Amino acid sequence: MSSPPPSRLRSALRRLALGWLGWRILGPEVQPRYAPNQERPLRIGGRTVFVGERELFVRETGPRDGPALVLVHGWSLDGEMTFHRMIPALAERFRVIVPDHRNHGRSDWVRGPFEVADLADDLAGVLDALDVRAATVFGWSMGGMAVQELARRRPDLVARVVLGATAARPVARHRATMRVLFWLGRALARISRLEMAAVTSRVLIGTGSLAPNHHRWMRVGLLRRDPTLYYEAGAAVWRFDSRPWIGRLDVPALVVIPTDDQMVPPPTQYDLAARLNDAELAELVGGRHESVLNRAEEIVKVIIDFAV
C-alpha cells in the first residue's frame with residue numbers, strides 16, 4: 001500500500017490539530033479514570049508567612065524542639081508533591097520545614113522574571129519568620145540551586161547543606177536548544193495544561209514514583225500551575241551559574257547524585273561536588289531525576305547519616 005501524498009498528510013494533520021484545539025477551547029474537561037480509593041498521601045496542614053509583600057506557603061511537622069531540616073523542592077512539583085515519601089520518616093527525628101517556592105504550590109504567583117537568588121531570599125524570609133537558625137537544608141534540582149544561594153547569602157541560617165540532583169551550571173551545553181524547548185513547552189501548556197499534567201502523572205506512576213491511589217491528588221496539583229510563571233522558573237535555572245563563588249562556601253556539604261539523571265546531566269553534578277570544599281558524595285547508582293520519589297528511603301538514610 002502506497003503512503004498518502006505529503007499534501008494529503010499535511011491536510012489531515014492540520015484538521016487533527018484544529019480539531020484538538022477546538023475541543024480544548026470549546027469542549028468539556030474530560031476527567032481521567034483513576035484507580036480505586038484515591039486519597040492524599042499526607043495530611044499535614046500548612047500556613048502562610050509574609051516575606052515583604054509576598055505570601056509564601058510552608059508546612060511543618062516533627063518535634064518542635066528537634067533539629068531543623070528544611071526541604072527545598074525543585075522546578076515543577078511543590079514541596080508536598082516532591083517530598084511526600086520522605087517527610088514521615090524524617091519527621092521522626094527532625095523539625096521538618098517544607099516551603100513552596102513562589103509560583104509553585106500554594107505560594108503567591110509573582111508575575112515577571114526572577115532569578116534563583118530571589119528564591120533564596122524568599123527562603124531566608126520564611127526561615128526568619130519561623131525563627132529558624134543553623135538548619136540542615138536539603139535542596140533537590142532547582143531547590144539545590146536555591147540552597148547554594150541561601151548558603152552564600154545567609155550563612156547564619158545554614159548549618160549544613162544537602163544538594164541533590166543539582167549543579168553549579170545546570171545547562172552547560174546546548175543552551176540555545178534548551179531555551180527553544182522551554183518556549184515550545186510553555187506554548188503547549190498555555191493551550192492546555194491537561195496533556196502535560198496527564199503525561200507527568202502517568203510517567204510518575206509508571207516509574208514507581210507515585211502510588212496509583214495518589215493519582216488524583218498529583219494531577220490536581222499539576223493543574224494548579226500557571227504556564228507562564230512555571231517557565232519563568234525554567235528560565236531562572238537556565239541562567240543560574242554558581243561556579244564563580246561556589247568553592248568559597250564554608251559549610252559542610254553532601255552531594256547526592258542520581259547517576260542516570262535525565263534532567264540534570266550527571267557530569268554537571270559531579271562538577272558541583274568537585275567545586276565544593278571537602279564535600280561528601282552519595283551516588284544513587286542507576287537513579288534518575290525522580291529518585292527523590294522512587295528512592296526516597298535511600299535519600300532519607302543519607303540525610304540522617306550526614307545530619308545526625
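The values are calculated or read from the model by the stated rules, or taken from the named source; none is laboratory data. Since the structure is predicted, the reported quantities are computational estimates derived from the model, not experimental observations. Backbone-built Cβ (ideal geometry, glycine too); neighbour counts: all protein chains shown.
Among the residues of this structure, VAL70 does not count as one that is over 18 Å from LEU223 (Cα atoms) and out of contact with any strand residue (DSSP E or B) (no Cβ under 7 Å at 6 or more places or on another chain). Considering segment 260-291, and only residues there that are part of a loop (DSSP other than H, G, I, E, B), more than 18 Å from the chain's Cα centre (by Cα) and at pLDDT 95 or above, the residue that is surrounded by the most Cβ atoms within 10 Å (Cβ to Cβ) turns out to be LEU276.
Meeting the requirement of 2 or more residues that are at pLDDT 95 or above and under 18 Å from the mean Cα position of the chain (by Cα), the helices (runs of 4 or more DSSP H) wholly within segment 106-213 are 116-129, 142-153, 193-206. Scanning segment 16-72 for residues that are of a type in the set (Phe, Trp, Tyr) and either on the phi > 0 side of the Ramachandran plot or outside any strand (DSSP E or B) (or both) yields TRP20, TRP23, TYR34.
Residues of segment 56-74 that are surrounded by fewer than 20 Cβ atoms within 10 Å (Cβ to Cβ) and touching a residue at least 40 places away in the same chain (Cβ under 8 Å): GLU60, PRO67. When we screen GLU53, GLU92 for residues that are of a type outside the set (Ser, Thr, Tyr), surrounded by fewer than 20 Cβ atoms within 10 Å (Cβ to Cβ) and modelled with pLDDT under 95, the only hit is GLU53. Looking across segment 103-125, the residues that are in contact with a strand residue (DSSP E or B) (Cβ under 8 Å, 6 or more places away or on another chain) and surrounded by 22 or more Cβ atoms within 10 Å (Cβ to Cβ) come down to GLY105, SER107, ASP122, LEU123. If you filter segment 222-236 down to residues that are over 13 Å from the mean Cα position of the chain (by Cα) and closer than 14 Å to ASP108 by Cβ, you find that the one that is surrounded by the fewest Cβ atoms within 10 Å (Cβ to Cβ) is ARG224. Within segment 238-262, residues that are in contact (Cβ under 8 Å) with a residue 60 or more places away in the chain sit with their Cβ atoms under 6 Å from residues that are part of a loop (DSSP other than H, G, I, E, B) and of a type in the set (Val, Ile, Thr), at 6+ positions apart or across chains, in these pairs: TRP238/VAL171.
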